[in-house]
Every structure is written in C-alpha cells, then in structure tokens.
Amino acid sequence: MTTRAVRQSDTAYDTKPSAPALGTGHKILRAVALASAVPYLAMKAAWLGGSRIGIPDGSVLLEHGLFFAVANAVTLVMDATVILLVLVLTRPWGMRVPSWPLVVPAFVATGLLIPIFTGFPGQIAVKALGMGADEAAQAAQEPFLDPWVFNIVYIGFMLQGLALAGLFVPYARERWGTLWQGVLGKGLPSSTGVVAGASAVLGLAVAAVQLYWAFGGTAGLSANQIAVYSAETGVVNAVHAMCALVAVAGVLLLARGGQRAARWPLVLAWTGSAAALSWGAWLLIAVLGPDPDGEQPSAILHLAYAGQMITGILGAVVLTRFLASRRTV
C-alpha cells in the first residue's frame, strides 16, 4: 500500500507543468524587474530611517508622522513583494507555489501599475503640448515631494510593469493555459450575471464621475483639489474612468459567454477589475487619512472611491467564477 501511494504521488508530480525555460530574454526581464525595485525600496527605507531625501520643506510628509510611517512601511513591503514574485515566476520551485498566494499579488500589482503605465506618459504628453498646470495651479499645490522623486519612482514602476508582464504571461500560459484556450462558451449562471450587472452599473457610474472631474467638474471636490486642477490631473481621472469601463466590458463578456475567443475578455476583466479595486481602495484609504488642509472630504468623494473599489471586487468575483467553471471543461 505504501509503495503504491508513493508511485501514485511520483506520477502526479511528474505530470505537473514544468517551469518555462529561462532564456536570455527572461533573464534580462528578471534583472530589470529586480533593479527597478531598488530605488523605491531604498527611498522608503531611508524615509523610515528618518531621512528627508526628496522631501521639501513644508511637505505634508513631515506632518502626521505615524500615519505616513505606517504608509511607508506598507508600501515598502508591497514593492518588496515584487522581488518574491519575480523569483516565483523564474525559479523551478515557482510552479509548486499554490495559486492564490501568487495570483492575488499579481492581480494587485496589475491593478496598481496599469494606471501608472497609462497615466504617467499621458501627463508627460500633456506637458509637452503646453497644457500642464498653470502658475495658479502650481502656486496652490502644497509641497509634497521634489519632482525628481516622481520621475524616478514612476519610471521604475513602468519598468517593473513591463518586466512582470513579460515574465507572468509565459508562466501563466504554461501553468493555466487551458483556462483561456478556445471560446467563452456557455454563459455563467444567473447569480453570477447579477454580480456582473451590479459591477457594470457601478463601473459606469464611477466612469461618469471620473470623466466629469477629468473635464473640469468641481462637484464633490475640496477647495484645494479645485485650485490645483489642471489637464495633468484630468489625465489621472480619465485613466480611472477608462479602467472602470474596461472592467465593465470584460465582466459582461465573461458573464454572457458566446463564441468569442476567451483570451481578450479575460484580459479586459483582469486589468480593468484589478485597477478599479486596487486604486479605489488606495484612494479611499487616502481620503480617510489625515487631511493636511483640514478639509473634510465630501461624501461624493468617498462614494466614488468606494464604488470604484466595489466595481473591482465584483469584477474579480465574476472573473474567479468564470475561471472556476473552465476547470471542468
């Protein structure tokens, strides 16, 4: 009995997918991902150690010490997770890591990086076209960080996003490729359709509010947010609106089913829901924290960010149920 059990275990192990071959391109991507995390990690560690590098006099970061210390510690751990994620995606033992401890960080990383990957170049383009913040908006901005900090951090995030995508796709193809092969097939159960519908309604509402702010609307914004508005901030709002709409399209296609290839609806649902959930939660935490101007964030602001987060959560539920249903195909 023991010998048979051992043989069965060996057979099951042998049938598991093997790690993708790590060619030169993958080694370069791994090096880029690891190197691009270093500046951010070093800066966060320096701030936690009391350094003021990159922080100008009068910055809000010098106030509310405990809140920002906790925020720095959390974001340092989050970016350090990138290193662990890269190792999982490139080492042979990575194929034996359970799905959830890998998929959840990858989902959150996608959600946080996609808006940066689209919004930061958009802001650069706006500046290049001469539509950046005018003198009044610049004067209204409270000191926060030196400009070079944003450039280094966001360029690093973009490199991380490219490298992680280049590593994750072949890994996921090898391990879970059967889940998105073929067409969507039969629609999901009606209960999941209700979840998808709720996500779509919330997503459309979030997109409408974000587009309203993107084009200069002021309802629900604080006096300081209105004062510092520019085309650059409008780009950020437009990106959040776009992500919500992408999530809506993805979850509705997954719930409906049909003869479309499954790959692209999955990509839409994954990226859109991840961005809505991750940034909705991040922005909601930010407005719940201490306000340097002493202004109480409006109920509209709270509802918009909460709705953005819930849109992503519901989208993730639809995505999970779709992938679970594919396991029996």
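The values are calculated or read from the model by the stated rules, or taken from the named source; none is laboratory data. Keep in mind that this is a model prediction, so the values were computed, not measured. Every residue, glycine as well, gets a Cβ built from its backbone with ideal geometry; the counts of neighbours run over all protein chains shown. When the accessible area is computed, the model is the full protein with side chains, heavy atoms only, and any ligands, DNA or RNA have been set aside. Shrake-Rupley method; radii C 1.70, N 1.55, O 1.52, S 1.80 Å.
Between a first residue in the stretch 163-192 that is closer than 19 Å to LEU89 by Cβ and a second residue that is polar (S, T, N, Q) and surrounded by fewer than 16 Cβ atoms within 10 Å (Cβ to Cβ), which pairs have beta carbons less than 9 Å apart while being 6 or more apart in sequence or on different chains?
Pairs that qualify, where the first residue is closer than 19 Å to LEU89 by Cβ and the partner is polar (S, T, N, Q) and surrounded by fewer than 16 Cβ atoms within 10 Å (Cβ to Cβ), are GLU174/SER18; ARG175/SER99; TRP176/SER99.
Hey, can you tell me all the residues within the stretch 197-251 that are β-branched (Val, Ile, Thr) and within 18 Å of ILE310 (Cβ to Cβ)?
VAL201, VAL206, VAL209, VAL246, VAL248, VAL251 - these are the residues of the stretch 197-251 that are β-branched (Val, Ile, Thr) and within 18 Å of ILE310 (Cβ to Cβ).
What is the number of the single condition among (1) buried (at least 21 other Cβ atoms within 10 Å of the Cβ); (2) modelled with pLDDT of 95 or more that ALA249 does not meet?
So the condition that ALA249 fails would be (1).
For the stretch 198-207, what are the residues that are open to solvent by 60 Å² or more (accessible area, probe 1.4 Å) and more than 20 Å from the chain's Cα centre (by Cα)?
VAL201
Here are some residues: TYR229, TYR305. Which one is farther than 26 Å from MET131 by Cα and aromatic (Phe, Trp, Tyr)?
TYR305
Hey, does the stretch 19-35 have a residue that's hydrophobic (A, V, I, L, M, F, W, C), closer than 18 Å to LEU145 by Cβ and modelled with pLDDT of 80 or more?
No, the stretch 19-35 contains no residue that is hydrophobic (A, V, I, L, M, F, W, C), closer than 18 Å to LEU145 by Cβ and modelled with pLDDT of 80 or more.
When the residues of the stretch 52-69 are narrowed to those that are modelled with pLDDT of 80 or more and among the aliphatic types (A, V, I, L, M), which ends up surrounded by the fewest Cβ atoms within 10 Å (Cβ to Cβ)?
Ranking the qualifying residues of the stretch 52-69, first place goes to ILE53.
State all residues of the stretch 175-186 that are at pLDDT 85 or above and open to solvent by 30 Å² or more (accessible area, probe 1.4 Å); if no residue qualifies, say none.
ARG175, TRP176, VAL183, LYS186
For VAL195, all conditions in the list (1) within 24 Å of PHE117 (Cα to Cα); (2) in contact (Cβ under 8 Å) with a residue 60 or more places away in the chain hold save one; what is the number of the exception?
(1)
Out of (1) within 25 Å of GLN141 (Cβ to Cβ); (2) surrounded by 16 or more Cβ atoms within 10 Å (Cβ to Cβ); (3) touching a Gly at 6+ places or on another chain (Cβ under 9 Å), the odd one out for ALA241 is which?
With respect to (1) within 25 Å of GLN141 (Cβ to Cβ); (2) surrounded by 16 or more Cβ atoms within 10 Å (Cβ to Cβ); (3) touching a Gly at 6+ places or on another chain (Cβ under 9 Å), ALA241 is out only on (3).
Of the residues that make up the stretch 56-64, is at least one in a helix (DSSP H, G or I), out of contact with any Cys (no Cβ under 6 Å at 6 or more places or on another chain), hydrophobic (A, V, I, L, M, F, W, C) and under 22 Å from ILE155 (Cα atoms)?
yes
Residues checked against (1) touching an Asp or Glu at 6+ places or on another chain (Cβ under 8 Å); (2) in a helix (DSSP H, G or I); (3) open to solvent by less than 70 Å² (accessible area, probe 1.4 Å); (4) modelled with pLDDT under 90:
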| residue | (1), (2), (3), (4) |
| --- | --- |
| GLY132 | yes, no, yes, yes |
| PHE144 | no, no, no, yes |
| ILE155 | no, yes, no, no |
| LEU162 | no, yes, no, no |
| ALA165 | no, yes, yes, no |
| ARG173 | no, yes, no, yes |
| THR192 | no, yes, yes, no |
| ALA196 | no, yes, yes, no |
